[in-house]
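In what follows, a single structure is set out as structure tokens and then discussed.
The numbers here are math on the coordinates, done by the rules we state, and not lab data. This structure is a prediction, so every number in the text was calculated from the model and none was measured. Neighbour counts are summed over all protein chains in view; Cβ atoms, including those assigned to glycine, are modelled from backbone coordinates with ideal geometry.
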Amino acid sequence: AYCQVRLEFYHQTMNDVNDTTSVKVAVRIRPLVQSEISKGCKEVLDVIEENEQILIRSIDRSFTFNHVLPSHTPQNELYDRCVKPVIANLYKGYNVTILAYGQTGSGKTHSMGTTYKGEGDMGVIPRAISDIFDFVRENFCYDFAIKVSFIELYQEVLYDLLSPKPRDQTTLEIREDTVRGIHIPGLTEVPVQAASDVLNALTRGSTGRVTGSTAMNAQSSRSHAIFCVNISMNKKDDSLENKEVKLYLVDLAGSERQKKTGAIGNTFKEGININKGLFVLGNVISCLGDDKAQHGFIPYRDSNLTRLLKDSLGGNSVTLMIACVSPADYNVDETLSTLRYADRARKIKNKPVVNQDPKAAEINNLKRTIQQLRLQIVAQ
Ligand code: ADP
Ligand code: MG
């Protein structure tokens, strides 16, 4: 009964009141960075906080989102206001996806906390992990089994960031079938007992990400990093109450248009392939956000990124996009393009369902039938 009360408390206080189906969007503006200040950049974004509205002053365009976070917003506020209520859906049995979108240098990795080093002001991933393990501690009438995996998607190739093998031997394929849906045979899934185990995996994986021939940031800006937490919850005194949920934490590649000039050899190839994942993601978002096309063909299969995120967009997941933008006049074109993309994402409706084990549901039904038959026998 105590667990039930706790769970209900969570549901009431943490639920975003009613709507788990629309993709939520939080826009986060970062402060000017040193390179912008030295270029003499001016800030061109205004926030009307009470309306969750953002205005690009220089071109007089405004947008409204679920949340708009001005540049002074600290990490804990991003988490507590925008992410924590979404994470709470995991405990109810829903899959959850958090996606960071934006041009390179806009604050995706900072916001997600993808490169956790155990110090500084933590981003979303370490905070979500700590949240999950708080829940595990408080709900002692459940047995939990938690596994994590970490994937990098680079030039349409999947790398297993938690595999102990050399990087070139860690490539994986995505499979899809009617029973298991989208899955990745051979993916390393590390069982974890405590938040520290997860953070170790996160640090290990993010340091294993490919380091390029040019600047390190240029490299990581061209790949997508997907951290996955798989949680299975089984009620101790009721073997039939079990749920299995997935949390995807995605630090997407930089959304900027690749410059055609000077791109030769491998760099050129990188440009094309990165554009492919985000390009198809854009198409998928457009199709899903368009009311008329809701039931039409959605081109998930056109890229590995969208195959992996199929459930997160239009499917079985509660999804939050964190759209990151620079406040500088210098970046207005990219900022406008990010806000348009995010505005389309906001129109997507998902179909989240509680992930109860189908076998358990079946056994529950049979148990009920047996009970009814017993009652009938007694009555005779
Ligand atoms: P991205 O991952 O989108 O390429 P980063 O997260 O690496 O961008 O951010 C680029 C730079 O801006 C980093 O030096 C980062 O510390 C800084 N930065 C980003 N967002 C913020 C913020 N909200 N507050 C302070 N600094 C930030
Ligand atoms: Mg980054």
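The Cβ shell under 15 Å around Glu244 holds other residues with a net charge of +2, Lys and Arg each +1, Asp and Glu each -1. Fully extending the segment from Thr207 to Lys235, taken as 0.36 nm per residue of separation minus the present Cα-Cα distance, adds 6.4 nm.
In terms of distances greater than 28 angstrom between alpha carbons, the cross-link table entries Lys24/Lys310; Lys147/Lys276; Lys92/Lys165 yield Lys147/Lys276; Lys92/Lys165.
Can you find, among Gly105, Val47, Ile174, the residue farthest towards the positive end of the dipole of the chain? Put +1 on the C-beta of Lys and Arg, -1 on that of Asp and Glu. Value: Ile174. Once the Cβ-Cβ distance between Gln169 and Ser71 is put in as r, and R0 is 45 Å, what FRET efficiency do you end up with, to the nearest 0.05? Step by step, r from the Cβ atoms, then E = 0.55. Only one residue of Gly315, Tyr341, Cys141 has its Cα farthest out toward the positive end of the dipole of the chain, where Lys and Arg carry +1 and Asp and Glu -1 on Cβ, and that residue is Gly315.
Dipole check for the chain: with +1 at the C-beta of Lys and Arg, -1 at the C-beta of Asp and Glu, and the Cα centre as origin, the magnitude is about 700 Debye. Across the chain, where is the longest run that never hits chymotrypsin sites (Phe, Trp or Tyr not before Pro) in a DSSP loop with at most 14 other C-beta atoms within 10 Å? My reading of the result: 141-296 is the longest stretch. Summarised as an ellipsoid, the chain has semi-axes of 38, 24, 21 Å, derived from the eigenvalues of the Cα gyration tensor scaled by 5 and square-rooted, with the largest first. Bridging of Lys108 to aspartates and glutamates at a Cα separation below 12 Å is possible for Asp251, once same-chain residues fewer than 8 apart are set aside.
Taking the charge dipole of the chain about its Cα centre, with +1 at Lys and Arg Cβ atoms and -1 at Asp and Glu Cβ atoms, the residue from Ala26, His72, Gly254 reaching farthest to the positive side is Gly254. Thr97 sits among other residues whose Cβ lies under 9 Å from its own Cβ, and their net charge, with Lys and Arg +1 and Asp and Glu -1, is 0. Screening the chain for whole DSSP H helices of 20 Å or more along their axis (Cα) with average Kyte-Doolittle hydropathy at least 0.0 returns 124-138, 265-289.
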